[in-house]
Amino acid sequence: MLFLNRREVESLLDLDRLIDALGPAMVELSAGRASMPARIMSMVGEPRGLLAAMPVFLGSPRTLATKLVSLFPENEARGVPTHQAVILVFDAETGSPRALMDGTFITVARTAAGSALSARLLARDDSRVLLIIGTGVEARAHARAIPRVRPIRKIRVAGRNPQKVARLAAEITLEQGIEAVACEVAAQSFAGAHIVCAATHTAEPVVRGAWLQPGVHVTSVGLNADGCEVDAEAVVKSLVVVETREAALAPNAGGANDLKWPIRDGLMSINYIHAEIGELISGAKPGRTATDQITLYKSVGVAAQDAVAAHLVLDAAVKQGVGREFEIS
């Protein structure tokens, strides 16, 4: 079995190829041609956290894999990643383990790639101003991913900690050559933004309907069992797209309160979710139909995305001779 550490996974995973590869897999998922049960979670009391198992089989690319991922929100204060994961890939013909690899970087990369795919499908073609809410690894990943699908010329970075916001804005400018400026999570930061990417662990909404301007595309990837990242007003005024309805509305901590709470409160029905991302790609459902339409992609992360990324990494590792072989039997 091949072992790949984080440095190796990071060097092997091509973000452009990942964005492209997610599309067919999401079509498979929406068409019912993939086997992806709901994630299984074990909750930890103190410190608060969880461990989730996310198995999946995809027919195209033919991949059998599972991810084990932990989420410990209090790790941020400890200087430890809040999300940590490993992915195990099996031979889809024999069931034999083929590779064990770092899943922490894959989780970050596939989440940002999913948002970029949604922007490719839903954001206006002339989107040039990107607002990123958050200062963690996912915010950084979105700053790299979104400009690959739209002609971003300016990036605004907003968050709770002014020092972290300023540092991330400076890093983006230096790394990508795109002007990035620090700002606050407030109405004025949303003014003129064509794409808004929320990547936080907040329990209080950072995307408010009153702040959204006509034509904006919003991506929201943050999950918090005690709250939501997007308020109900923003949800009900948007064309809502998800990875899968089942995952988005899961009754446990893996579902999106941003959608479940407005349904619970009678503000919308389950049918208000317009489409799954795979349905947009297949043409089963239309995407944006007007330049002033507000669109929202609410992501909870699904195993199919991890499997696609792991497949790309393993394929590249075999071709390049990267990684270490070890025996487990």
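Things worth noting here:
- The mean sequence distance of close C-alpha pairs (under 8 Å, at least 6 residues apart), as a share of the length of region 123-301, puts its relative contact order at 21 percent.
- Highest-MSF residue in the chain out of ILE152, ILE277, ILE133 [GNM, Cα springs under 10 Å]: ILE152
- Note: relative contact order over the chain, using C-alpha pairs below 8 Å and six or more positions apart, is 21 percent.
- Loop-resident trypsin sites (Lys or Arg not before Pro) (DSSP state other than H, G, I, E or B) in region 9-44 with no more than 16 further Cβ atoms inside 10 Å of their Cβ: ARG33.
- Along region 164-170 the Karplus relation, 6.51 cos²θ - 1.76 cosθ + 1.60 evaluated at θ = phi - 60°, assigns HN-Hα couplings of 5, 4, 5, 5, 5, 4, 5 Hz to successive residues, with x for each Gly and Pro.
- Euclidean distance of C-alpha centroids, region 288-317 and region 18-71, integer Å: 12
- Summing charges over neighbours of LEU22, with a neighbour being any other residue whose Cβ is under 13 Å away from its Cβ, gives -3 when K and R count +1 and D and E count -1.
We did not get these values from a lab; they are worked out from the coordinates using the rules stated. These figures come from a predicted structure and were not determined experimentally. Reconstructed Cβ throughout: ideal geometry from the backbone, glycine too, with neighbour counts over all protein chains shown.
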